[in-house]
Amino acid sequence: MTSVDPVGTPVTAPDTGSPVPDAGPPRGFLGRSRTFAGVSPMTIGIAWLWLSIIVLLPLAAITVQSFDDGWSGFWEAISAPVAVDAIWITVLVSVVAALINVVFGTLIAWVLVRDEFPGKGFVNAIIDLPFALPTIVASLVLLSLYGPNSPIDIQLNATKPALVIALTFVTLPFVVRQVQPVLIELDVDVEEAAAVLGANNATIFRKIVLPALLPAILTGAGLAFTRAIGEFGSVVLIGGNIPGDTQVASQYIQQQVEIDAPVDAAAISVVLLLIAFVTLLVLRVAGRWQSKREDADR
């Protein structure tokens, strides 16, 4: 049997009459047999263990605690008028904030990708500032701007618009960072071809750009909404915490903890978790449906 060494010199190996044993698939750093397309069972186990410790076990614990007084106690906690008001206000202002960010977040992403202007790098950097800034600092900044001593003579504290502004501030990056990569990868030649054929800007955006951006926009809106329904720090100062008016669910939960009603607090927390889970599940199903539709069109 003849082979070639790395420098090209023929090398003849003795014929033993038996095939060369197969070395088998490559082995991972954990010592388990694997292929390049997969991971070892040990790696999967470690991932599940970590996910369970960080996410699943705390969620299970809060769910069990919410039913300490039985189903009737759980229902009584979530159906209390003040609790219903807090959940309703939370969902309402979160939806409004998400819709605002859909419009302006998409616009900001478009400007950052398609336009060149002085200070573009600075603007692109501060988009992520709400992720790094403590949210209570954001509430303090907004209170100084829209509070009783407003330098622009606009007093919005302890109102629903103040809640919307605070939630819009902390959730803006979700939409921008979802839409921006899609815009970068979007084929501009198709838009130019449509313009040559006589399509105006509105038609090009509606027929070509928007369908490509829609999955990213919906994902960003969903993430912004789920973040907003659990937000606390950014609304704690400017919101006013008025029951039935500006008290959001996170503030109601804190109130229940302070008055030694942890079961009621856990019950409202479970409701927020369910809302977030259903939202993310719908987004995932819609994303898969969109992917299958695009594959079918091809």
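Structure data summary
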{"read-out": "Gaussian network model of the chain, springs between alpha carbon atoms under 10 Å - residue of Ser52, Ser79, Ser144 with greatest fluctuation", "value": "Ser52"}
{"read-out": "Spread of Cα-to-Cα distances over 10 Å intervals beginning at zero, given as percent, for the chain", "value": "6, 18, 23, 21, 15, 9, 5, 3, 1, 0"}
{"read-out": "Estimated vicinal HN-Hα couplings, Hz - the range 139-152 in sequence order (Karplus 6.51, -1.76, 1.60; Gly, Pro = x)", "value": "5, 5, 5, 5, 5, 5, 8, 10, x, x, 9, 4, x, 9"}
{"read-out": "Residues Glu185 and Ser52, FRET efficiency given R0 of 41 Å [Cβ-Cβ distance, rounded to 0.05]", "value": "0.70"}
{"read-out": "Carbon and sulfur %, accessible surface of the chain computed with the full protein complex present, 1.4 Å", "value": "68"}
{"read-out": "Accessible area of the chain divided out per residue, in Å², using a probe of 1.4 angstrom", "value": "61"}
{"read-out": "Contour minus Cα-Cα distance for Ser291 and Ala193 (0.36 nm per residue)", "value": "32.8 nm"}
{"read-out": "Cα centroid separation, the range 135-165 to the range 234-298 (Å)", "value": "23"}
{"read-out": "Segment Asn149-Leu92, extension gain: residue separation times 0.36 nm, minus the distance between their alpha carbons", "value": "17.8 nm"}
{"read-out": "Isotropic mean projected area of the C-alpha convex hull, the range 196-237 (nm²)", "value": "4.4"}
{"read-out": "Residues of type lysines that Lys207 reaches as a straight line, Cα spacing below 26 Å, ignoring anything fewer than 8 places off in the same chain", "value": "Lys292"}
{"read-out": "Principal axis dimensions, largest first and in whole angstrom, of the range 164-279 by Cα", "value": "68, 27, 21"}
{"read-out": "Residue with peak Gaussian network fluctuation, the chain [Cα springs, cutoff 10 Å], from Thr135, Thr43, Thr106", "value": "Thr43"}
{"read-out": "Accessible area (Å², 1.4 Å probe, nearest 10) - Ile152", "value": "90"}
{"read-out": "The chain - mean residue ellipticity at 222 nm from DSSP helices (-39,500 (n - 2.57) per run, n ≥ 4, rounded to 500)", "value": "-21000 deg cm²/dmol"}
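The values are calculated or read from the model by the stated rules, or taken from the named source; none is laboratory data. These numbers were taken from a predicted model, which means no experiment stands behind them. Counting neighbours? That spans all protein chains shown, and the Cβs are built from the backbone with ideal geometry, glycine included. Only protein heavy atoms, including side chains, enter the accessible area calculation; ligands, DNA and RNA are left aside. Shrake-Rupley method; radii C 1.70, N 1.55, O 1.52, S 1.80 Å.
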